[in-house]
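**Q** Pasting a structure here, questions to come.
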Amino acid sequence: MSDKRAIGVFDSGVGGLSVVRQIQAQLPGENIVYLGDTARVPYGTKSQESVLKYTRQSADHLLKHDVKALVIACNTAASVGTKELQQLYPDIPVIGVIEPGAQAAVGNSQNGEIAVIATESTVSGGSYVKAIHQLDPKTEVRAAACSLFVAIAEEGWTEGSLLEAVLARYLMPLFNDPEHHPDTLVLGCTHYPVLKSAIANVVGPHVTLVDSAETTAQVLKSSLETQGLLNSEVSDGSLHCLVTDGPDRFARVAKLFLGRELASTQISLVDIN
């Protein structure tokens with residue numbers, strides 16, 4: 001039996017569209033409702049209490065759209081809210097981006113040394129360190145907060161020597177320690193994949209970059225298959241985006257993360273308070 005209900009995906013802003021892009025690549029027949037809390041972006045500098053409140057509100061709003069699964073496409077929100085939402089909504093799959101990213105990092109690392117870049121809140125909460133150590137306690141994990149990267153990504157500043165100089169200021173302390181040589185770097189924020197090429201230039205070809213969006217989509221696909229929730233229709237699925245502020249700016253920036261333009265009819269302004 002085919003389940004045509006939509007998958008609910010939410011983020012603090014537009015960055016979670018990088019996860020939507022991967023979901024559409026792996027599950028092209030699925031309908032998606034995306035919520036970007038653009039009125040309160042970024043989450044990365046907010047308190048954990050505020051982020052948890054916003055996370056609940058986003059999930060509650062998406063459930064009004066009768067979604068069959070929830071994807072927390074925001075590392076900051078996932079780090080504080082995944083377990084709570086799984087307990088609140090036990091009847092549907094609730095998937096955050098932290099655990100899939102940790103799994104990919106451990107699977108890719110050859111020397112057991114992993115670096116993580118993320119927002120201030122995600123790093124201070126230690127969510128990636130905990131998730132990686134649950135998989136392999138012997139792994140050496142080094143993390144750095146790179147909150148400025150969100151603004152850079154949303155401005156569409158994705159290449160050039162000046163950008164790479166800014167990136168290097170954040171990244172090099174992770175790789176210049178003579179006693180530690182991470183061979184894997186986790187892009188622990190859904191905004192960061194648009195900077196992937198420039199980041200690769202800075203850290204060099206010996207470092208594998210892990211984008212949790214791809215592995216999150218894989219985990220979602222497996223979960224839907226296991227629970228019999230896949231939409232088996234052969235037609236392309238739909239995408240509708242809900243934003244809490246600035247729909248015009250959202251549409252303009254969305255192309256960077258989604259890889260294509262959104263029609264105005266695909267974006268609605270909503271109040272989730």
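**Q** For residues that are part of a strand (DSSP E or B) and touching a Leu at 6+ places or on another chain (Cβ under 7 Å), tally how many sit in segment 239-273.
**A** Qualifying residue count for the region: 4.
**Q** Look through segment 77-115, keep the residues that are part of a helix (DSSP H, G or I) and of a type in the set (S, T, N, Q), and return whichever of them is surrounded by the fewest Cβ atoms within 10 Å (Cβ to Cβ).
**A** For segment 77-115, the residue satisfying everything is Q87.
Yes or no, residue by residue, for (1) touching a Pro at 6+ places or on another chain (Cβ under 8 Å); (2) among the acidic types (D, E); (3) assigned to a helix (DSSP H, G or I):
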residue: A25; (1), (2), (3): no, no, yes
residue: V33; (1), (2), (3): no, no, no
residue: G44; (1), (2), (3): no, no, no
residue: D60; (1), (2), (3): no, yes, yes
residue: H65; (1), (2), (3): no, no, no
residue: L70; (1), (2), (3): yes, no, no
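**Q** Sticking with this one: Among the residues of segment 197-233, which ones are part of a helix (DSSP H, G or I), within 19 Å of V106 (Cα to Cα) and among the charged types (D, E, K, R)?
**A** E214
**Q** Can you find a residue in segment 176-184 that is in a strand (DSSP E or B), over 15 Å from V210 (Cβ atoms) and acidic (D, E)?
**A** Within segment 176-184, not a single residue is in a strand (DSSP E or B), over 15 Å from V210 (Cβ atoms) and acidic (D, E).
**Q** Give just the number: which of (1) closer than 23 Å to S235 by Cβ; (2) assigned by TED's automatic domain parsing to the domain that holds H240 does S2 not satisfy?
**A** (2)
**Q** Hey, another quick one. Just the residues that are free of Cβ contacts under 8 Å to residues at least 24 places away in the same chain, under 17 Å from A115 (Cβ atoms) and either hydroxyl-bearing (S, T, Y) or assigned to a loop (DSSP other than H, G, I, E, B) (or both), please, taken from segment 125-175.
**A** G126, the sole residue that qualifies.
**Q** Can I ask one more? Among the residues of segment 128-157, which ones are at pLDDT 95 or above and on the phi > 0 side of the Ramachandran plot?
**A** Within segment 128-157, no residue meets the criteria.
**Q** Among the residues of segment 96-106, is there at least one that is more than 27 Å from L62 (Cβ to Cβ) and either among the β-branched types (V, I, T) or more than 15 Å from the chain's Cα centre (by Cα) (or both)? Lay out the reasoning, then the answer.
**A** Narrowing segment 96-106 to residues more than 27 Å from L62 (Cβ to Cβ): 105-106.
Now narrow it down to the ones that are either among the β-branched types (V, I, T) or more than 15 Å from the chain's Cα centre (by Cα) (or both): 106.
Yes, there is a match, as at least one residue in segment 96-106 is more than 27 Å from L62 (Cβ to Cβ) and either among the β-branched types (V, I, T) or more than 15 Å from the chain's Cα centre (by Cα) (or both).
**Q** Of all the residues that make up segment 167-190, how many are more than 21 Å from I132 (Cα to Cα) and surrounded by 19 or more Cβ atoms within 10 Å (Cβ to Cβ)?
**A** 1
**Q** If you don't mind, another one. For the subset of segment 129-162 comprising residues that are in contact with a helix residue (DSSP H, G or I) (Cβ under 6 Å, 6 or more places away or on another chain) and hydroxyl-bearing (S, T, Y), which member is farthest from D11 (Cα to Cα)?
**A** Restricting to residues being in contact with a helix residue (DSSP H, G or I) (Cβ under 6 Å, 6 or more places away or on another chain) and hydroxyl-bearing (S, T, Y), the top hit is T139.
**Q** Another question, then. Regarding D236, is this residue in contact (Cβ under 8 Å) with a residue 40 or more places away in the chain, in contact with a strand residue (DSSP E or B) (Cβ under 9 Å, 6 or more places away or on another chain), in a loop (DSSP other than H, G, I, E, B) and not assigned by TED's automatic domain parsing to the domain that holds S197? It would help to see each step written out before you state the result.
**A** Working: in contact (Cβ under 8 Å) with a residue 40 or more places away in the chain: yes; in contact with a strand residue (DSSP E or B) (Cβ under 9 Å, 6 or more places away or on another chain): no; in a loop (DSSP other than H, G, I, E, B): yes; not assigned by TED's automatic domain parsing to the domain that holds S197: yes.
Judged against the criteria, D236 is not a match.
**Q** Here's a check for you: in segment 191-217, which residue that is buried (at least 16 other Cβ atoms within 10 Å of the Cβ) and of a type in the set (S, T, N, Q) is nearest to the chain's Cα centre (by Cα)?
**A** S212
The values are calculated or read from the model by the stated rules, or taken from the named source; none is laboratory data. The structure displayed is predicted, hence computed values, not measured ones. Cβ: placed from backbone, ideal geometry, glycine included. Neighbour counts: every protein chain shown.
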